[in-house]
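We did not get these values from a lab; they are worked out from the coordinates using the rules stated. This structure is a prediction, so every number in the text was calculated from the model and none was measured. Glycine gets a Cβ as well: all are built from the backbone with ideal geometry, and neighbour counts include every protein chain shown.
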Amino acid sequence: MEIRKVGVVGCGLMGSGIAQVAATAGFPVTVLEVEQRFLDKGFDAINKSLDKLSERPPDKGGITQSQKDQIVSRLTGTTRLAEVADCDIVIEAIIENPTAKKQMYAALDQTVNKQAIFASNTSSISITELMTATGRPERFIGLHFFNPVPLMKLVEVVRTIATSDEIQETAYAFGKKLGKVPVRTSDKTGFIVNRLLVPYLLDAIRAYEEGVGSIEDIDSAMKLGCGYPMGPFTLLDFVGLDTTYYITHVMHDEFKERRFASPALLKRLVLAGWYGRKSGKGFYDYSDPNNPKVNKL
């Protein structure tokens, strides 16, 4: 099937990013939110992101003012469910809560045309579980983008046992049209990236707890020894300690293995409200965002 119009549910960090890349790829995009203020905030973030791109030279991925105007013209925001009824694919990027997601899908299923593909951007919730809220299991798939969406090239295309071959290939081709590198994976908790990444991040915390090295030294070791762009603690703060903590619960519940269990220090930081960059404190203190300092933990 051909995808001509894109719907995005949620205009937060991920939803606004997905909407931006879809509009940049030439698709008309309708973004659905529960309140206008969330749309305003998300569209403001898109404008700022596009402004940064317009400051770059074309050979570095930059865009002209004319291109920016064209991208913005393809974006429409709404709080009315009926406005996404004629979309060919609807990508959900709301709160990581299965109940909230299933309620949204049940409402969408009654409104959106029956030939449309439903996709979820969830990083941890079972795609199969979300699928059960609809009457279109064969047209349901996971499209897991990475933050920040306009810059990260990967998208995981997550197939359930009920997803049809046609829908998987359509979603894969759609990922390419967005300028991403799609990879196929199955509906196993964590998919590919988090299945491998989360145990690494949790082991870094345990290594620190056990006195293997300091936060700074572990970060430096993994950057310089493995060529990673950032160390595990910097990455944890960037992703969000609360997000990682939530994912550990989902993954440990699925696999019942220690390597997916949350270390005590991660739990304490989350309970204290230290979520990383977004809260100003995590493994590092971001009072000066350009010069973060290690917190004494």
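Structural remarks
- For Gly282, residues with placed amide H under 5 Å, excluding near neighbours: Gly276
- Of the trypsin sites (Lys or Arg not before Pro) in the range 50-116, the ones in a loop by DSSP (not H, G, I, E or B) with at most 16 other beta carbons within 10 Å are Arg80, Lys114.
- Acute angle (nearest 10 degrees) that the helix 215-226 long axis makes with the longest principal axis of the chain, alpha-carbon atoms: 70
- Using the Cβ-Cβ distance between Ala264 and Lys52 with R0 set to 51 Å, the FRET efficiency works out to roughly 0.85.
- Listed residue pairs exceeding 21 Å between alpha carbons, taken from Lys48/Lys68; Lys5/Lys68; Lys41/Lys68; Lys223/Lys293; Lys68/Lys177; Lys68/Lys114: Lys68/Lys114
- Angle between the chain longest axis and helix 193-209 axis [Cα atoms, degrees, rounded to 10]: 20
- Shown here for the range 1-68: GluC sites (Glu not before Pro) in loop regions (DSSP other than H, G, I, E, B) with at most 16 other Cβ atoms within 10 Å, namely Glu2, Glu35, Glu55.
- Taking the chain and dividing mean pair separation by its residue count, relative contact order in percent (alpha carbons under 8 Å, at least six apart): 13
- Solvent-free Debye calculation, one equal scatterer per alpha-carbon of the range 6-186: log10 I(q)/I(0) at 0.12, 0.13 Å⁻¹ equals -0.51, -0.60.
- Exposure proxy ranking for Leu196, Leu39, Leu81, based on other Cβ atoms within 10 angstrom of each Cβ and starting from the fewest, stands as Leu196, Leu81, Leu39.
- Dipole magnitude of the chain, debye to nearest 20 (Cβ charges: Lys/Arg +1, Asp/Glu -1, about Cα centre): 160
- Cβ crowding within 10 Å ranks Tyr200, Tyr208 as Tyr200, Tyr208, fewest other Cβ atoms first.
- C-alpha long axis of helix 165-177 to longest principal axis of the chain, angle in °: 70
- In the range 195-294, the C-alpha radius of gyration followed by the widest Cα-Cα span (Dmax) gives 13.0, 39 angstrom.
- Choice from Pro182, Pro57, Pro148 with maximal GNM fluctuation in the chain (Cα, 10 Å cutoff): Pro57
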